[in-house]
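In what follows, a single structure is set out as structure tokens and then discussed.
Throughout, read-outs are computed from the coordinates displayed, never taken from laboratory work. Since the model is a prediction, treat every value here as computed from it, not as a measurement. Note that we place each Cβ from the backbone using ideal geometry, even for glycine, and neighbour counts take in every protein chain shown.
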Amino acid sequence: MILTRLQTPSGPRWAAGGRLLPAAFTLNLLLEMPAGLQADLLNAVAAPEPAAPPAGQPLAPIGDHQEVWASGVTFLRSREARQAESASGDIYQRVYTAERPELFFKASGWRVAAPGAPIRVRRDSAWNVPEPELVLLLNRAGQICGYTAGNDVSSRDIEGENPLYLPQAKVYNGSCALGPAIVLISSEAELNSLPIGLEIERAGQVVFTGDASTAQMKRTFTELAAYLFRELDFPAGAFLMTGTAIVPPESFSLAPGDRVRVRVGELLLENPVSR
């Protein structure tokens with residue numbers, strides 16, 4: 001089942017399977033339930049079949065007070081890129097092979113850019129890239145309930161200068177986008193070979209494309225979720241970016257006016273780069 005969030009004349013509303021959910025419905029309610037029961041709840045509370053699909057401006061499919069976290073160096077390509085950019089490249093090889101994964105905070109829900117809304121590059125950075133990623137939806141117990149598409153916009157020169165600058169390279173206004181929907185799943189196996197794609201358009205021309213698959217990941221999704229929840233509580237659930245395998249060449253940097261398209265499975269997330 002597909003879950004979306006829309007801006008309607010009566011305010012933000014969730015919709016499931018093309019039907020509006022009650023105005024009082026929040027994602028928190030869904031994520032209080034054990035994994036696998038979400039679709040049953042949505043079918044029970046959704047409005048009868050509408051005469052027309054719900055209309056409204058798409059919003060990021062996340063609550064204002066939920067959190068987005070991210071995983072680093074989960075693909076070989078990401079390890080290679082981080083080693084090349086960093087003066088301390090050996091740490092990326094070590095975390096790639098270590099038992100404990102790299103996890104870091106990315107955004108609060110209210111900071112997340114919606115489909116079609118602008119993402120940004122930092123004014124104090126000269127080397128910025130999008131990172132297309134599968135994003136897990138986790139319930140309050142850390143179980144995987146679904147996924148969405150995400151863009152972990154990053155400043156590679158800031159992170160490369162010193163790994164301790166990671167929060168500044170990763171967490172700033174316009175650095176995170178999610179959407180356009182959440183796909184609920186019944187088994188982690190549905191995530192094992194999802195295609196991931198990236199396309200960047202500049203001045204009407206495609207200047208970069210890349211493709212990968214979740215099958216290339218070194219770590220499992222359950223492993224990443226378990227580490228995130230090991231010493232943290234998420235009463236309203238959480239979103240977890242799972243890393244990227246698509247990295248533009250070192251000669252490329254995002255620029256204002258670019259358009260970035262991230263594909264995960266059948267989902268397409270598109271955002272302009274803000275001026």
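Calculate, for Ala255 and Ala24, the FRET efficiency according to 1/(1 + (r/R0)^6) with r their C-beta to C-beta distance and R0 51 Å; round to the nearest 0.05.
0.75
If I model a spin label as a point 7 Å beyond the Cα along the Cα-Cβ vector, how far apart are those points for Lys218 and Leu268 in nm?
If labels sit at Lys218 and Leu268, their model points lie 3.4 nm apart.
Extension gain Leu232-Gln7, at 0.36 nm per residue separation less the Cα-Cα distance, in nm?
The Leu232-Gln7 span can extend by a further 77.9 nm.
What order do you get for 239-250, 215-226, 196-207, 144-155 when each peptide is scored by the mean count of other beta carbon atoms within 10 Å, highest first?
144-155, 239-250, 215-226, 196-207
Note the full-extension length gain between Gln57 and Ala98 as 0.36 nm times their separation in residues minus their Cα-Cα distance, in nm to one decimal.
Taking 0.36 nm per residue and subtracting the Cα distance, the gain is 10.5 nm.
Which value, in debye to the nearest 20, describes the size of the charge dipole of the chain about its Cα centre when Lys and Arg Cβ atoms bear +1, Asp and Glu Cβ atoms bear -1, and nothing else is charged?
In total the dipole reaches around 420 debye.
Using 0.36 nm per residue of separation minus the Cα-Cα distance, give me the extension gain between Gln168 and Ser186 in nm, one decimal.
2.9 nm
Have a look at Ser154, Phe221, Ala203 and report the one farthest towards the positive end of the charge dipole of region 151-221, computed about the Cα centre with Cβ charges (Lys/Arg +1, Asp/Glu -1).
Checking the options against the dipole of region 151-221, the answer is Phe221.
Using the reciprocal of the averaged 1/r over all distinct C-alpha pairs, how large is the Kirkwood radius of region 178-263 in Å?
The answer is 15.5 Å.
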